[in-house]
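These notes concern the structure reproduced below.
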Amino acid sequence: MTQIESPKVVKKKLFSPIWLLPIVALALGAWLGIKSIKESGVEIQIHFPSATGIDVGKTLVKYQGLTVGKVKDIGIDEDLKGVNVKVMMDYRAKPFLNKETLFWLVTPKASITGVEGLDALFSGNYIAIQPGKGNASTFFEAERQPPPMQIGSEGVMVELTSDKLGSLDVGSPIFFRQIPVGSVVSYRLDGNQRVIISAFIQEQYARLVKKNSHFWNVSGVKIDASLTGVKVSSESLASILAGGVSFSSDDKADIAKNGDIFSLYDSETTALGGIEINLTMADANGVDKGTRIVYRGINIGSILSKQLTANGVIAVAKFEPQYGSLLTNDGVFWLEGADISLSGIKNPERLLTGSVINFLPGINTKTAMPSSFALQAKAPDLLQSKKRFLTLTSAENMGISAGAEVRFKQIPIGSVLAVKLTKDLSAVEYQLELQPEFASLIRSDSYFVPESALTVKASLEGVSVKARDFTTLTQGAVSLIQGHSDTPLAANSALTLFSSVDAATAFYDRQQQVHLTLISQDGADVSQGSPIYYKKMQIGTVDSVNWQSKTEDFAIKLAIDKQFQPLLKKPNVFWRNSAVDISASLAGIDVAVAPLQGALKGSISLGLLDSNGKASNTANLKLYESKQLALTQAQAIRLTLPASSKLTAKAAIRYQGHQVGEVSQVKLNADLNTLTATAYLYGEYAEHFSRSDCEYHLVDAQISLAGIKAPETLITGPYIGVLPGTSSQKATQFVANLAASSYANVAEDALKFTLEDNNLGSMKVGTPIFFRGIKVGQIDGYHLSTQGNSVLMQAHIEPQYSHLVNQSSQFWDASGIKVDVGLFSGAQIEAGSLETLLAGGINVATKDTTQEGNRLAAGTVLRLQHKAENEWQEWAPAQ
């Protein structure tokens, strides 16, 4: 019989996996389309005067060497005034296409000043962009020249004004002491009156341009030819070819800023100025432009110009700046040439160079300067003038003899008449005669120093050798140092002849210094002359270092410059400086090196405290050993420790982990059994830890099965722990223990009691006490009982768990593994947690609820059981 199989009905799937392929393709196509639209770029239009050097599809747009666009098309504008260049910019440049954005064409350009656009010589012309501010824009007008300051150019841009451009051009160098420091970047007309030149100074030289700087043209070669000679001057070959500008700088003036305006002078002489005066004369015979003005053979000025007036001729003369102090209102000028007589020719060189104008300073400085001076035809009669006589004194003869010259700025102004001892034979006296025209040079603070024929100065900065003339070698010479006072010297006053300018400066400096004394435990490695610094600036020196036998310390006398006296009125401290201070820690190594002078002779620093600091008593200041100790106003203490202590200098003094001081020195005592550590407590903590009942102890790493105690000392070394005292009596000497006392770091409201056992067993300081597996306290210390028949262990329960323990509590030893083997009962093994297995521990169980009647009194002695009863572990009173 044929069996007919029934058909199987298969349910058609709602979604076939084959449809995933077109969906993925559609999503990928959409993503690529969006990406293409987003990165298609931004089309802009730039108007150029011409399309020269621009190619479609080749010319690129670059910013700082990075390509950001390409020329897409070029077309002629509607007004026929240039071309419109269509550029496709990278989509990422869209935020920089603003109204003030600049575009210009970069092409290779060679000139005397150098080569510009050198990169375009190899890669072809390109369009440069400088992003600007403003609203977004797609049309731009191309710049004909690159902007003066481009992004990335650091420095200062100043403007120079001049009547004419001269030989200056874009790229002309700007010099300072013949070193190129910048260049001319552009120039323009300001109406029809003047030319404005934009000058750029490089960043590293920008600080040299000051508010009062003077700029002058150094272009080409300047030749000044006259009867006085031929003068040729130039700055450098670059300035000869391309023109150039130089400028002056004043250290005391403020630094110039961008946009400051300066005048451009024709020459250095005109720029740097001097003192201009007018000379009147009946005629100008022998006087011409460039005629020298001479004082004792030294050129101190010259004639700038001359012109006719109704009464004769007036000439404009200029004194050089360094000789301006010689000009007084009663100065005398006269014309002098070569003198030919039967006895010979005087000043024959003037037959070729022309006449000179001689000058003689006057002595009247109180009257206002006249508008002009008369040029006399002959020299005035000086024999009728009254000379000035002075007396100098010195401790010994400085090699000066009668007839020696008296000089001011190497110009003879008088002579030494006599050298003799004073009446009391205590010093040497010099009689000086000064020419009358120099009487005004002597001031109340003037002094004299001898000149040496040969002076050699050797220092770490180098060797300096100065030689004088033969007269100085044979007779000696005396130099006048004018001083700064405006008060003239009183009649019959005596001045001092110092051995050198340095000796005179030191003498007057001592009169302008404030003196104070510091107390130090040692000599502080300083000596007489050691510098004193404030913020690395020297403000004084050490006068002397003296040992005081009564107090067994040192008195260091300081001399502080008077200008820094206001610093001493503020809360201040002093500390000694180390030649090299090295601070090493896990954070790194910090090395501080003292200035060379301070490193060789030792030095001291002054520091100011904050507004909360206490003002120092200037009569008896303390010299601290370091900056840290000084700023914290640390207090010195001494600690005595056993010789086995591994304490070293720089060890910290800590209270509950906070550093309150440091150890500065550790030394072994003469008994070889103890150490004495000199330490400092920081000022803000000294009040709490300098009481007589304070406890100091050594903290060192302890490694056991329970773990590592004080592990940080494995790296830093042991340190000193301290507990504050309550006594009102102060102390500076303490005995430090090797370990902290019982209950050293226990809270005051903790429950403290004593456990008693026959043997210590595995108990130690720190052994935990558990309640239902949770640590609630620990063993703080132990000792033998008075009879020696038991061990008493001090323990405590933390305040939050003190209600769990009362007189019904039982304590038992939970340390190690307990094995109980019976013949019929078998073996029973009892073990606590891994912590108690390794380090020991104590369990506690409480039967009754803690009430007022069964509380533990402080110091209660409880028995430590060796084995727990089964019922103890079932106690569960409601607490």
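Listed by position, the strands (runs of 3 or more DSSP E) contained in region 622-713 that have at least 2 residues being surrounded by 13 or more Cβ atoms within 10 Å (Cβ to Cβ) are 635-642, 652-655, 658-668, 674-681, 695-699.
When the residues of region 39-68 are narrowed to those that are on the phi > 0 side of the Ramachandran plot and buried (at least 16 other Cβ atoms within 10 Å of the Cβ), which ends up nearest to the chain's Cα centre (by Cα)?
Going through region 39-68, the residues on the phi > 0 side of the Ramachandran plot turn out to be 41, 53, 57, 64-65.
Filter once more, keeping what is buried (at least 16 other Cβ atoms within 10 Å of the Cβ): 41, 53.
Values: 41: 50, 53: 52 Å.
Residue satisfying both the conditions and the ranking: 41.
Filtering 788, 721 for residues that are assigned to a loop (DSSP other than H, G, I, E, B) and among the small types (Gly, Ala, Ser) leaves a single hit, 788. If a residue counts only when it is buried (at least 16 other Cβ atoms within 10 Å of the Cβ) and modelled with pLDDT of 85 or more, which strands (runs of 3 or more DSSP E) contained entirely in region 344-441 have at least 2 such residues? In region 344-441, 356-360, 373-376, 388-394, 405-408, 411-421, 428-434 are the strands (runs of 3 or more DSSP E) which contain 2 or more residues that are buried (at least 16 other Cβ atoms within 10 Å of the Cβ) and modelled with pLDDT of 85 or more.
Of everything in region 773-803 that is of a type in the set (S, T, N, Q) and over 57 Å from the mean Cα position of the chain (by Cα), the residue that is nearest to residue 874 (Cα to Cα) is 802.
Within the span defined as region 838-847, one or more residues are at pLDDT below 85, over 20 Å from residue 757 (Cα atoms) and assigned by TED's automatic domain parsing to the domain that holds residue 761. Could you please find all residues in region 327-339 being of a type outside the set (A, V, I, L, M) and either in contact (Cβ under 8 Å) with a residue 40 or more places away in the chain or assigned to a helix (DSSP H, G or I) (or both)? Across region 327-339, the qualifying residues are 328, 329, 331, 333, 334, 336, 337.
Is it the case that residue 70 is touching an Asp or Glu at 6+ places or on another chain (Cβ under 8 Å), part of a strand (DSSP E or B) and modelled with pLDDT of 85 or more? The answer is no for residue 70.
From the set of residues in region 71-110 that are of a type in the set (Ser, Thr, Tyr) and in contact with a helix residue (DSSP H, G or I) (Cβ under 8 Å, 6 or more places away or on another chain), which is surrounded by the most Cβ atoms within 10 Å (Cβ to Cβ)? Restricting to residues being of a type in the set (Ser, Thr, Tyr) and in contact with a helix residue (DSSP H, G or I) (Cβ under 8 Å, 6 or more places away or on another chain), the top hit is 107. For region 108-134, what are the residues that are more than 27 Å from residue 94 (Cβ to Cβ) and at pLDDT 65 or above? Answer for region 108-134, where residues must be more than 27 Å from residue 94 (Cβ to Cβ) and at pLDDT 65 or above: just 108. Look at region 605-616: where a residue is modelled with pLDDT under 60 and a partner is outside any loop (DSSP other than H, G, I, E, B), sitting 6+ places away or on another chain with Cβ atoms under 7 Å, you get 616/572; 616/573.
The values are calculated or read from the model by the stated rules, or taken from the named source; none is laboratory data. All of these numbers come straight from a predicted model, not from anything done at the bench. Neighbour counts are summed over all protein chains in view; Cβ atoms, including those assigned to glycine, are modelled from backbone coordinates with ideal geometry.
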